[in-house]
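K.L.:
One structure is given below, represented as structure tokens, and several questions about it will come after.
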Amino acid sequence: MFKLFIFFLLLLLGLVTPLGVGVANTWKRLVAGDCAVDRIRNADAYSGLPTSIAAQVPRGEAGVAAGLFNPSEWLEPGDSKRMPDFIQFAMAAASQALDDAGWHPKTDAEQRETGVAIGCGMVSMDDMATASALFAPPTTSAPAAAAAAAAAVVAQTDAGTSFDNRPGYRKLSPFFVPRILVNMASGHVSIRHGLRGVNHSVSTACATGAHAIGDAFRFIRNGDAEVMVAGGTEACITPLSVAGFCKVKALSTAFNDSPKLASRPFDERRDGFVIGEGSGVLVLEEYEHAKRRGATIYAEIRGYGLSGDAFHMTAPSEDGRGAIHCMESAIRQAGLTPADVDYVNAHATSTPLGDAVENRAIKTVFGAHATSLAISSTKGAIGHLLGAAGAVEAIFSVLAISEKMVPPTANLESQSTEFTLDYTPKVAKPRVIRAALSNSFGFGGTNASLCFGSIA
């Protein structure tokens, strides 16, 4: 028989977002209506692409005290060679989470009962592009190419074949493979903090963070762990990935001259999402375990629904059946009815089709109660963090419960006739929230919904 499991959140938990580093920094700016979208850094590398904007993590020597990301605050010397940005962000978020949870397992039993589940949607594209270039075919003239090929011929030795004379092989970093593995964020967090329980990772596009949290919840429920460090991370703002998303016409291109207006979920003028980066990591803990050590408990995770559209590689089914299924499943597992839910943190990424489909799905699931819901998409403020989005938005949902405040949907100025619900346009609203639903949907038709509840 399953016990009651509580998810607890300390208010300075693990966030690295475009709005800032640290939960307090991010939440303050989010509810104030700030927007982190701006012109992309190192713009010359993106010249010729249809979009020139992004939501990037703010960086600076002042570090977390100023809401800035300074790797030296979170990493050991030499870590930057082993860890690309997506792992660095996860290390920072996980360290915050464990510090603020007051959980630093030292005994063998404590280490074995603490696991990690951190996912990533897209790994380090720059690493793959750079490594691939080392082995690109020569583009020189035929005689020169022949001479280069002769110079790079593998040396035959008594021991066999050696590739040491190939320029690409010589220049390839021994850290290349570890830097591009999705599970290495979980791996490095586990190694750094001595967490020897479940070591898990997931990569399900934009549903990654939510799936990682939901899986962690089930690991605890099934007795595989007492404590889980869970979330998502992403750092794929590179010319290659931006070009790829432009090719599938997913990104906003109409607001290059006014970046802060570009991410506008549910708005009539929305034309695509704004790519973002960051990490969200939180600590889930079994209820009795948390009580025994006097942990502060802010909310409980009550349900986890997941589904597949079985429809298209990049587009959702227009009837919203996948979204409907996973929302209904999360609510049912939570032991609630739709009328018990007060807030939905929508996946809405600011794409014309995706926002409309989710809106229809919400109306279908909640029926007459839909008009009483508070709904918002926080992507208006931080863009779309892809594999980190579900984790960051789960934290926003729990903060909405604990702070009794619905975060706003930035840039929502005009709604078409289909959008008849309360999407919290531009201004945060005080509200007592008994239960909140956080939605995440990804390419490939993968969907996840997390249901959180108040413990008051």
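The values are calculated or read from the model by the stated rules, or taken from the named source; none is laboratory data. Nothing here was measured: the structure is a model prediction, and the numbers come from that model. Quick reminder, even Gly has a Cβ in these numbers, built from the backbone with ideal geometry, and neighbours come from all protein chains shown. Remember, those area values only see protein heavy atoms, side chains included, never the ligands or the DNA or RNA. Shrake-Rupley method; radii C 1.70, N 1.55, O 1.52, S 1.80 Å.
K.L.:
Would you please state the base-10 log of I(q)/I(0) at q = 0.13, 0.16, 0.24, 0.28 1/Å for the range 405-456, with intensities from the Debye formula using one equal scatterer on every alpha carbon?
P.N.:
At q = 0.13, 0.16, 0.24, 0.28 Å⁻¹ the computed log10 ratios are -0.48, -0.70, -1.06, -1.07.
K.L.:
Which of the chymotrypsin sites (Phe, Trp or Tyr not before Pro) across the range 165-195 are loop residues per DSSP, with 14 or fewer other Cβ within 10 Å?
P.N.:
Those that pass, being in a loop and sparsely packed, are Phe175.
K.L.:
Cross-link list Lys28/Lys291; Lys260/Lys379; Lys260/Lys363; Lys81/Lys171; Lys249/Lys363; Lys260/Lys404: which exceed 18 angstrom alpha carbon to alpha carbon?
P.N.:
Cα-Cα > 18 Å for Lys28/Lys291; Lys260/Lys363; Lys249/Lys363; Lys260/Lys404; rest within.
K.L.:
Per 10 Å bin from zero, what fraction in whole % of the C-alpha pairs of the chain is there, up to the bin with the longest pair?
P.N.:
Taking every Cα pair in the chain, the percentages come to 5, 22, 31, 23, 11, 5, 2, 0.
K.L.:
If you take the alpha carbon radius of gyration of the range 352-456 and divide it by 2.2 N^0.38 Å, what ratio comes out, to two decimals?
P.N.:
Relative to the rule-of-thumb radius for its length, the range 352-456 sits at 1.03.
K.L.:
Note down the net charge around Pro178, summing +1 for each Lys or Arg and -1 for each Asp or Glu among other residues with Cβ under 14 Å from its Cβ.
P.N.:
Summing Lys and Arg as +1 and Asp and Glu as -1 gives +1.
K.L.:
Rg and Dmax of the range 32-133, Cα atoms, in Å?
P.N.:
17.3, 55
K.L.:
Same structure, new question: Please report, in Å, the Rg and the Dmax of the range 197-264, where both are computed over Cα atoms only.
P.N.:
17.3, 52
K.L.:
Still on this model: Local charge sum around Ala389 (other residues, Cβ-Cβ under 14 Å, Lys/Arg +1, Asp/Glu -1)?
P.N.:
Computed value for this residue: -3.
K.L.:
Now for a separate question. Can you give me the distance in nm between label points at Val427 and Thr253, each placed 7 Å from the Cα along the Cα-to-Cβ direction?
P.N.:
Result: 3.7 nm between the two label points.
K.L.:
Could you work out Rg/(2.2 N^0.38 Å) for the range 22-87, with Rg from alpha carbons only?
P.N.:
Output field value: 1.35.
K.L.:
Follow-up question, since we're still on this one. Rounded to the nearest percent, how much of the accessible area of the chain (1.4 Å probe, protein heavy atoms only) is carbon and sulfur? If you can, show how the numbers build up before the last one.
P.N.:
Working: 10020 of 18000 Å².
Ligands and nucleic acids excluded, carbon and sulfur reach 56 percent.
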